[in-house]
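Here the structure comes first, spelled out in structure tokens, and everything after it is commentary.
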Amino acid sequence: MSRERLLVVEDDRTLREGLQASLERAGYEVRTAIRGMDALKAIREDPPDLVLLDLMLPGLDGTYVLEQARKEGFTSPVIILSARATLEEKIQGLGLGADDYVTKPFELEELLARIEVRLRRDRDEQKVHFGEVTVDLSARQITKKGEVVHLTPKEFDLLELFVHNRNRALSRGRILEEVWGNDYRGTRRTVDNFVRALRSKLEDDPEDPHFILTVRARGYRFSPRGG
């Protein structure tokens, strides 16, 4: 299983580099951003599994980054890290879509625990809804408009990969590796054929899909909110 990926958005160099080193030692894959625009770019192009977000950033501040990312459909957990400690500021951050609010200075052990709690909750979400489709991962069952949709085991495996990587562009090569394994001798056209089958069963208009999207020169992206 691939490591969970964190984005640390922090303009203080010492804190940013210290967090990156500590989180990597804890087993996470970590990227960093200093400016608000760079953070939004990273979220849009390759959405992380969790964001640690400072509020006082050069250029676009953290509240704008959070609000805009949520508007654009980013659903992964966001934990605010801020020296702003008033109740009003915490309420504002949570109201804009943050999942947690940690006041600086903080203990690393507490932050790691909060990160794990948020990621565990995200992993444990067993039912996913998009359009009129419900995916029950634990039961491996899918319904559309209340009717059971029958998928082959590999079709479900592909859909499950998309669900676990929602809003993230996946290359055909990675999809082949994750769903069929390193020893599979088929071609990347296999992925296209299975995506076509999923669209025919789950999209209202397979020729104009809203949820399983083609990413030019990259592969495919699953967007539960559509578009």
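Quick notes on this one:
- Local net charge near G36, Cβ-Cβ under 13 Å (Lys/Arg +1, Asp/Glu -1): -3
- Beta bridges per DSSP, both residues in the chain: antiparallel share near 50 percent.
- Per the Kirkwood formula applied to alpha carbons, the stretch 173-227 shows a radius of gyration over Rh ratio, Rg over Rh, of 0.99.
- Radius ratio Rg over Rh of the stretch 4-69, counting only Cα atoms, Kirkwood formula for Rh: 0.95
- Lysine pair count for the stretch 48-206 [Cα-Cα under 25 Å; pairs on different chains or 8 or more apart]: 12
- Structure-based [θ]222 nm, the chain - -39500 (n - 2.57) summed over DSSP H runs of at least 4, per residue, nearest 500: -11500 deg cm²/dmol
- Here the gap between V215 and K127, fully extended at 0.36 nm per residue and compared with their Cα-Cα distance, gives a gain of 29.2 nm.
- Scaling against 2.2 N^0.38 Å puts the C-alpha radius of gyration of the chain at 1.10.
- Just the protein heavy atoms count here, and of the accessible area of the stretch 71-227 at 1.4 Å, carbon and sulfur take up 46 percent.
- Mean accessible surface per residue for the chain, computed with a 1.4 Å probe while every protein chain stays in place, in Å²: 53 Å²
- Hz values of 3J(HN,Hα) by residue in the stretch 190-204 - Karplus curve (6.51, -1.76, 1.60), Gly and Pro given as x: 4, 4, 4, 5, 6, 4, 4, 5, 4, 4, 5, 9, 10, 7, 5
- Distance between the stretch 208-227 and the stretch 112-188 - C-alpha centres, whole angstrom: 14 Å
- Amide H contacts for M56 (H built 1.01 Å from N in the peptide plane; partners 5 or more residues away or on another chain; cut-off under 5 Å): G62.
- Protection proxy ranking of 204-216, 56-68 - average other beta-carbon atoms within 10 Å, highest first: 56-68, 204-216
The values are calculated or read from the model by the stated rules, or taken from the named source; none is laboratory data. Small disclaimer: the values here were computed from a predicted structure and weren't measured. Every residue, glycine among them, receives a Cβ derived from its backbone with ideal geometry; neighbour counts consider all protein chains shown. Keep in mind that these areas ignore ligands, DNA and RNA; they rest on the heavy atoms of the full protein, side chains included. Shrake-Rupley method; radii C 1.70, N 1.55, O 1.52, S 1.80 Å.
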